[in-house]
């Protein structure tokens, strides 16, 4: 049988990984596959190489599976960093982002990460990086 290969120049492997990691369910399935490989005799190092993870991550999966069974492989809540904005400020900012920079008294017609960063510092007294502001803008667009 002829060996098949994929030679994509558009970041094909990266796109596949994004798809695998896109939801809680697919991340759970991903962990199940890692556990399956280890249960078939593959070392955590080998399974990690196949699944694009560190060996330590696969070890965590195995330990959680031994301790909690399948439930140990599900996503656990993550606290994350506390928001720099309180709920009222987030709501106000959401309305400002939706209305556009001109409605907030700025001279630009479109929000950018740098513009949002300056606006947050001046209007809310909150310092955020440009990249974090870009994530806020993208998150706001996805919620529509």
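The values are calculated or read from the model by the stated rules, or taken from the named source; none is laboratory data. Quick caveat: nothing in here was measured; it's all calculated off a predicted structure. A quick note on method: Cβ atoms are made from the backbone with ideal geometry, for glycine too, and the neighbour counts reach across all protein chains shown.
Of note:
- Verdict on residue 123 being surrounded by 10 or more Cβ atoms within 10 Å (Cβ to Cβ), out of contact with any strand residue (DSSP E or B) (no Cβ under 6 Å at 6 or more places or on another chain) and closer than 28 Å to residue 20 by Cβ: no
- As a summary of the residue check, residue 104 satisfies the conditions (1) surrounded by 12 or more Cβ atoms within 10 Å (Cβ to Cβ); (2) under 20 Å from the mean Cα position of the chain (by Cα) except for the one numbered (2).
- Here residue 136 meets each of (1) surrounded by fewer than 18 Cβ atoms within 10 Å (Cβ to Cβ); (2) at pLDDT below 90; (3) outside the structural domain of residue 17 (by TED's automatic domain parsing); (4) closer than 28 Å to residue 18 by Cα with one exception, condition (1).
- The residue that is modelled with the lowest pLDDT, counting only those in segment 100-119 that are touching a helix residue (DSSP H, G or I) at 6+ places or on another chain (Cβ under 6 Å) and in a helix (DSSP H, G or I), is 104.
- Restricting 59, 25, 19 to those that are exposed (fewer than 11 other Cβ atoms within 10 Å of the Cβ), in contact with a helix residue (DSSP H, G or I) (Cβ under 8 Å, 6 or more places away or on another chain) and either outside any loop (DSSP other than H, G, I, E, B) or in the same structural domain as residue 137 (by TED's automatic domain parsing) (or both) reduces the list to 19.
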